């Protein structure tokens, strides 16, 4: 069985995404894979963050006779074991993961109210003052009754 390391297209129209896979030569492009070895996202703005490869497994498949396609050969040369762009890729992936993190919401300290005691229990509230009557005539009538 002849094995090729090639790209399997995923995603949708105008938004491609590829998996780098070890596949039998006779299988169609999007068919059954032997093993998935990495990803390639051409839509990322940072060129060095586009390819993520499992170098250990790619080296294994190359050692048993798998042949990469032309595009995958370029990616392995750049980002594989001993690749020419490994440091740039690591920096780009770190920058990308930092950008994808959600910022921490600001922590708000809850200050205890002045009416709360040190144990966390609320002190009894003072009794509310009597409400004043709305109508001045009622106020005068209530004063006469109290006298």
Exercise for the section: Evaluate the following for residue 37: is it touching a residue at least 40 places away in the same chain (Cβ under 8 Å), in contact with a strand residue (DSSP E or B) (Cβ under 8 Å, 6 or more places away or on another chain) and surrounded by 15 or more Cβ atoms within 10 Å (Cβ to Cβ)? Expected result: no
Practice task
Only residues in the range 96-119 that are at negative phi count as the first member; pair them with residues that are surrounded by 10 or more Cβ atoms within 10 Å (Cβ to Cβ) and modelled with pLDDT of 75 or more, Cβ under 9 angstrom, at least 6 apart or cross-chain, and list the lot.
Solution key: 96/44; 96/46; 96/49
Exercise for the section: Answer with yes or no whether residue 57 is surrounded by 15 or more Cβ atoms within 10 Å (Cβ to Cβ), outside any helix (DSSP H, G or I) and touching a strand residue (DSSP E or B) at 6+ places or on another chain (Cβ under 6 Å). Expected result: no
Handout entry: Given (1) surrounded by 16 or more Cβ atoms within 10 Å (Cβ to Cβ); (2) in contact (Cβ under 8 Å) with a residue 40 or more places away in the chain; (3) assigned to a loop (DSSP other than H, G, I, E, B), index of the condition residue 7 fails
Key = (3)
Problem - Single unsatisfied condition, residue 122 versus (1) touching a strand residue (DSSP E or B) at 6+ places or on another chain (Cβ under 9 Å); (2) at pLDDT 85 or above - result: (2)
Completion exercise
Going through the range 63-114 in order, the residues found to be part of a loop (DSSP other than H, G, I, E, B) and in contact with a helix residue (DSSP H, G or I) (Cβ under 7 Å, 6 or more places away or on another chain) are 80, 81, 83, 84, 85
Exercise for the section: With respect to residue 43, determine if the residue is within 16 Å of residue 9 (Cβ to Cβ), assigned to a loop (DSSP other than H, G, I, E, B), in contact with a strand residue (DSSP E or B) (Cβ under 9 Å, 6 or more places away or on another chain) and free of Cβ contacts under 8 Å to residues at least 60 places away in the same chain. Expected result: yes
Handout entry: Yes/no for residue 127 being exposed (fewer than 10 other Cβ atoms within 10 Å of the Cβ) and either modelled with pLDDT under 90 or in a helix (DSSP H, G or I) (or both)
Key = yes
Exercise for the section: Within the range 17-33, identify whether any single residue is loosely packed, with under 15 Cβ neighbours inside 10 Å, farther than 30 Å from residue 1 by Cα, modelled with pLDDT of 90 or more and over 27 Å from the mean Cα position of the chain (by Cα), and answer yes or no. Expected result: no
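The values are calculated or read from the model by the stated rules, or taken from the named source; none is laboratory data. Bear in mind that the values here come from a model prediction, so they are computed numbers and not experimental data. Cβ coordinates were reconstructed from backbone atoms using ideal geometry, including for glycine residues, and neighbour counts include every protein chain displayed.
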